[in-house]
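Trainee: Can you read through this structure? Questions will come right after.
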Amino acid sequence: MKSLTEFIRQGSAFAVISHTSPDGDTMGSAAALIYALEALGKKAKWVCDGEIPHDFMNIEQIASLVKKNDLKKYDSIIQ
């Protein structure tokens, strides 16, 4: 199995997938991971089915959600 460092180094476009009906911890973790990946020069988006509480939509990484059918754009998935 590849190490996480190697996995991130080799990928260029990441889909970060979380569970449905996400809570604040899930959304914060996803946003932080996306921020870190982008700081490394990677493309990263959050993918989540379900309703997102309106209060969290002011976080850029959350507001830019993608649909699961758009996963073809990504070469790496973190779940």
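Trainee: Out of the residues in the range 21-70 meeting the condition of being more than 13 Å from the chain's Cα centre (by Cα) and open to solvent by less than 60 Å² (accessible area, probe 1.4 Å), tell me which one is modelled with the highest pLDDT. Let's see the steps before the verdict.
Mentor: Step one: of the range 21-70, the residues more than 13 Å from the chain's Cα centre (by Cα) are 21, 23-25, 39-41, 50-58, 69.
Filter again for open to solvent by less than 60 Å² (accessible area, probe 1.4 Å), leaving 24, 50, 52-53.
Details: Gly24: 80, Gly50: 72, Ile52: 75, Pro53: 74.
So, considering only residues that are more than 13 Å from the chain's Cα centre (by Cα) and open to solvent by less than 60 Å² (accessible area, probe 1.4 Å), the one modelled with the highest pLDDT is Gly24.
Trainee: Moving on. Return the pairs, sorted by first residue and then second, in which the second residue is open to solvent by less than 70 Å² (accessible area, probe 1.4 Å) and not in a loop (DSSP other than H, G, I, E, B), the first residue lies in the range 48-59 and is without any contact (Cβ under 8 Å) to a residue 24 or more places away in the chain, the beta carbons are less than 8 Å apart, and the residues are 6+ apart or on different chains.
Mentor: Sorted first by the residue in the range 48-59, then by its partner, the pairs are Met57/Ala63.
Trainee: Which of the residues belonging to the range 32-47 are touching a residue at least 24 places away in the same chain (Cβ under 8 Å) and part of a helix (DSSP H, G or I)?
Mentor: Going through the range 32-47, the residues touching a residue at least 24 places away in the same chain (Cβ under 8 Å) turn out to be 33-35, 37, 40, 42-47.
Answer for the range 32-47, where residues must be touching a residue at least 24 places away in the same chain (Cβ under 8 Å) and part of a helix (DSSP H, G or I): Leu33, Ile34, Tyr35, Leu37.
Trainee: Here's another thing I want to ask about it. Being among the charged types (D, E, K, R) and in contact with a His (Cβ under 7 Å, 6 or more places away or on another chain) is the filter here, so list the residues in the range 5-58 that pass it. Step through it out loud before you land on a result.
Mentor: Looking only at the range 5-58, we keep the residues that are among the charged types (D, E, K, R), and these are 6, 9, 23, 25, 38, 42-43, 45, 49, 51, 55.
Selection gives nothing.
Trainee: Mind checking whether some residue in the range 5-12 is farther than 14 Å from Ile59 by Cα, in a loop (DSSP other than H, G, I, E, B) and open to solvent by 40 Å² or more (accessible area, probe 1.4 Å)?
Mentor: Kept after step one, since they are farther than 14 Å from Ile59 by Cα, are these residues of the range 5-12: 5-12.
Imposing the further condition that a residue be in a loop (DSSP other than H, G, I, E, B) reduces the set to 11-12.
Next, from what is left, pick out any that are open to solvent by 40 Å² or more (accessible area, probe 1.4 Å): 12.
Yes.
The values are calculated or read from the model by the stated rules, or taken from the named source; none is laboratory data. Given the structure is predicted, the values throughout are model-derived calculations rather than measurements. Quick reminder, even Gly has a Cβ in these numbers, built from the backbone with ideal geometry, and neighbours come from all protein chains shown. Ligands, DNA and RNA are stripped out before the accessible areas are found, and what is left, the full protein with its side chains, is counted by its heavy atoms. Shrake-Rupley method; radii C 1.70, N 1.55, O 1.52, S 1.80 Å.
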